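This report concerns only the one structure given below.
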Amino acid sequence: MKLLWDILVHQDNYPLVIAIIAGFLLAPLATYTQPFIVPFLVITLTLSISNVDLSKLVLKSLVKPITMALFLNFIVLGGAIVLFGHLFTDDYNLRAGFLVLAVAPASLAIPLFTHKLKGNSFYSFVGIASCFLASIILLPLIIKARFGNEIDSRDLLITLGQLIVLPLILSQLRYLSNIWKRTESYHRQIINWCIAIICFSMIGINRDMIFTFPKYVVAPFLVAVITTFGLGYLILTFGKKLLINESSIVSMVLLGTMKKWALASVIAFKLFEPIATLPAVFGIVIGFIFFIWLNIRKAWVEQYNKIQTPGLK
């Protein structure tokens, strides 16, 4: 219980815990934070990738980690989200939300989670950068191919321009100017609270829908559980059978289970009905619980290793 409490009250986690609880208890206040969703997401994405030098992604030595990251995050995870999303619901907006989530990039928090879980930081760093670049192409192509004239092309381009291209440009300008080095110590706190406000807004907007029409909750909840705990278990199992080292398995699990849920929720909110944000909103909540489980698992593994090696201090 102490480990669980320490995780929940950690400076990187407690803003999200507060946001989830407040989203249900103080839902009417979401109308006041809703106008700030896009600006806060732009800030989050800009700061999250400000220390990424995208020019390094062309090196031949990166082909293997890039290929694996794209395969895990878009083919395995994205494919599972679309497949189970269509199996569990026929609602147009929920299916739209699942598709947007499937082609969203990997979570930009993965490098931080990798460090905490003692994974392969280089692998995760290259993975999230390549997934982010790939999503610039995949998001407009797949959304337009699937929905065609059902959504306005101008709205789609403006939304993706605001939420993908603008943060990418701003982040690289900050990287090249070295401004990010002087403000880096504040990045995590700003990012944590921006994501928390976005999560609070999305939960608050959908609270009445969640309690009034619980049938809309079932599919997002089940898909979130399957694509985090389910896929995570499978990747762990196959990774061990293939004799992949533990640090690389940790990175593979994160890349194969975590999307940029905040980004997906805002895109879905801008292009479709609010209910389309539910797949991403439940992804945030279940994904956070999954991260807690990974921390507990790490503690168990470390304890087991100490028992197996009594002389280890």
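First select every other residue whose beta carbon is under 12 angstrom from the beta carbon of LEU278; then total the charges, Lys and Arg +1, Asp and Glu -1.
Charge balance near LEU278 sits at +1.
Ordered by packing density, taken as the mean number of other Cβ atoms within 10 Å over each peptide's residues, highest first, how do 231-242, 91-102 rank?
Per-residue mean Cβ counts within 10 Å order the peptides as 91-102, 231-242.
Mind putting a number on the dipole of the chain about its Cα centre? Charges go on the C-beta only, +1 for Lys and Arg and -1 for Asp and Glu, and I need it in Debye to the nearest 20.
Here the size comes out at about 940 debye.
Stokes-Einstein at 10 °C, 1.306 mPa s, Kirkwood radius from Cα pairs: D for the range 55-130 in µm² s⁻¹?
On the way: Rh = 13.6 Å.
The calculation lands on 117 µm²/s.
Which percent of the Cα-Cα distances in the chain go past 29 Å?
Tail fraction, whole percent: 34.
If neighbour count is taken as other Cβ atoms inside 10 Å, put HIS115, HIS187 in order from fewest to most.
HIS115, HIS187
Helix-only estimate, please: 222 nm mean residue ellipticity of the chain, summing -39500 (n - 2.57) across DSSP H runs of length 4 or more and dividing by its residues, to the nearest 500.
Per the formula, -23500 deg cm²/dmol.
Just rank MET202, MET68, fewest to most, by other beta-carbon atoms within 10 angstrom.
Final ranking by Cβ density, sparse to dense: MET68, MET202.
According to a simple spin-label model (label point 7 Å from Cα along Cα-to-Cβ), what is the distance in nm between PHE71 and TYR92?
3.8 nm
Using 0.36 nm times the number of residues separating VAL17 and LEU112, minus their current alpha carbon distance, what extension gain do you get?
Gain on stretching VAL17 to LEU112: 32.4 nm.
For an R0 of 35 angstrom, estimate the FRET efficiency from the Cβ-Cβ distance between VAL218 and PHE36 and round to the nearest 0.05.
Working: r = 30 Å, r/R0 = 0.87.
Working from the Cβ atoms, E equals 0.70.
Give the span of the range 76-230's Cα atoms along each principal axis, as three whole-Å numbers ordered largest to smallest.
48, 37, 31
Which one, VAL165, PHE113, SER201, projects farthest toward the positive side of the charge dipole computed for the chain from Cβ point charges (K/R +1, D/E -1)?
Farthest along the dipole direction, towards plus: PHE113.
Multiply the residue separation of LEU83 and ASP155 by 0.36 nm, subtract the distance between their alpha-carbon atoms, and state the gained length in nm to one decimal.
23.3 nm
Arrange the peptides 212-225, 34-47 so that the one whose residues have, on average, the most other Cβ atoms within 10 Å appears first.
34-47, 212-225
Counting Lys +1, Arg +1, Asp -1, Glu -1, what net charge surrounds LYS240 among other residues with beta carbon under 14 Å of its beta carbon?
Working: positive: LYS241, ARG297; negative: GLU246.
Result for the local shell: +1.
What net charge is computed for the residues neighbouring LYS116, neighbours being all others with C-beta under 10 Å from the C-beta of LYS116, Lys and Arg scored +1, Asp and Glu -1? Intermediate values should be presented prior to the final figure.
On the way: positive: LYS118, LYS298; negative: ASP12.
Net charge around LYS116: +1.
Each value in this text was obtained by applying a stated rule to the coordinates, not by laboratory testing. Everything numeric here is computed off the predicted structure, so don't read it as measured data. When we count neighbours, we look across all protein chains shown, and the Cβ atoms used for this are built from the backbone with ideal geometry, even at glycine.
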